[in-house]
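Have a look at the structure below, then the notes.
The values are calculated or read from the model by the stated rules, or taken from the named source; none is laboratory data. Small disclaimer: the values here were computed from a predicted structure and weren't measured. Neighbour counts are summed over all protein chains in view; Cβ atoms, including those assigned to glycine, are modelled from backbone coordinates with ideal geometry.
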Amino acid sequence: MKQFLIIILTILTCYVYGQDKYNYVSFNELTEVSGTEYIIATIENKSKIETKSKYLLFINTQNGRTKQVDLPKDSYIRTIQQIQIDNLNINKVILVAKTVNLNNNKGIDWNDPQQVFILSTNGENKTQLTENGFFVRTWTTNEKTGTIVITGHYDSNSNGKYDKTDKNEILIFDLKTEKLKTRI
C-alpha cells in the first residue's frame with residue numbers, strides 16, 4: 001500500500017509540475033506597408049493545447065500605436081499583399097484567408113472556402129469582397145483599371161467537392177470603392 005501511495009504521489013507531482021500555465025505569442029510574419037509608416041504583424045496567441053486567438057496587428061512605426069484586426073482562432077491566412085497604384089490613388093492591403101467553417105464540423109479546414117478581404121493600410125477598415133460560400137481559386141489585380149479579378153465557384157449542391165453542378169464565376173471588384181463591378 002505504501003508503494004502504491006508513493007507511485008500515485010509521484011505521478012501527481014509530475015503531472016501538476018508539467019502543466020504550463022502561460023500563453024505564448026507567436027509572431028509568424030512581418031509585412032511592410034510601402035509608402036506608409038505601418039508594419040503588419042501576423043500574431044497567434046497559443047496555449048499548450050490550442051490557439052487562443054489570431055489577429056493582424058497594424059503597427060505605426062512612427063508613434064507606436066497599433067490597430068488589431070481579429071480573425072477566427074482556427075483561420076488560415078494564405079496571402080497578405082499590398083496593392084499600390086499611385087496614378088489611381090489606390091493603396092490597399094489584400095488579405096486572402098480561410099475564416100469561415102462552412103461545413104460546420106470541428107473547425108476551419110481545407111474543405112472550407114477562402115475569402116478575399118481589402119484592408120486599409122492602417123487597419124482601420126476591413127471589407128470582405130467574396131461571400132462566405134464562394135470558393136476562391138485565383139485572383140489578380142489590374143493596375144490600369146484599378147480592379148481585382150477573382151475566380152472561383154459556389155458549391156451549389158453543398159457536397160464539399162468541386163463538380164459539374166457547381167457554379168463557376170469571375171468577379172471583378174473596383175479597388176477604390178471596394179464594390180462589385182461585374183459578374184461573369
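Are any residues in segment 82-113 within 30 Å of Lys144 (Cα to Cα), in contact with a Ser or Thr (Cβ under 9 Å, 6 or more places away or on another chain) and among the charged types (D, E, K, R), and if so, which ones?
Lys92, Lys98
Could you list all residues from segment 57-85 that are in contact (Cβ under 8 Å) with a residue 24 or more places away in the chain and of a type in the set (Val, Ile, Thr)?
Thr61, Val69, Ile77, Ile80, Ile83, Ile85
Could we say that Asn168 is within 17 Å of Tyr76 (Cβ to Cβ), loosely packed, with under 13 Cβ neighbours inside 10 Å and among the polar types (S, T, N, Q) here? Don't jump to the end; show me each part of the working.
On the way: within 17 Å of Tyr76 (Cβ to Cβ): no; loosely packed, with under 13 Cβ neighbours inside 10 Å: yes; among the polar types (S, T, N, Q): yes.
Answer is no for this residue.
Would you pick out the residues in segment 139-167 that are over 15 Å from Lys92 (Cα atoms), touching a Lys or Arg at 6+ places or on another chain (Cβ under 9 Å) and not in a loop (DSSP other than H, G, I, E, B)?
Ile150, Thr151, Gly152, His153, Tyr154
Please give the number of the condition Thr140 fails out of (1) modelled with pLDDT of 95 or more; (2) surrounded by 13 or more Cβ atoms within 10 Å (Cβ to Cβ).
Here Thr140 meets the rest and fails (2).
Which residue out of Glu143, Glu178 is of a type in the set (D, E, K, R), in contact (Cβ under 8 Å) with a residue 24 or more places away in the chain and at positive phi? Spell out how you get there, then give the answer.
Details: Glu143 fails: at positive phi.
Going through Glu143, Glu178 in turn, just one is of a type in the set (D, E, K, R), in contact (Cβ under 8 Å) with a residue 24 or more places away in the chain and at positive phi: Glu178.
Inside segment 87-106, can you point out the residues that are in contact with a Lys or Arg (Cβ under 8 Å, 6 or more places away or on another chain) and part of a loop (DSSP other than H, G, I, E, B)?
Hit for segment 87-106 is Asn89, nothing else.
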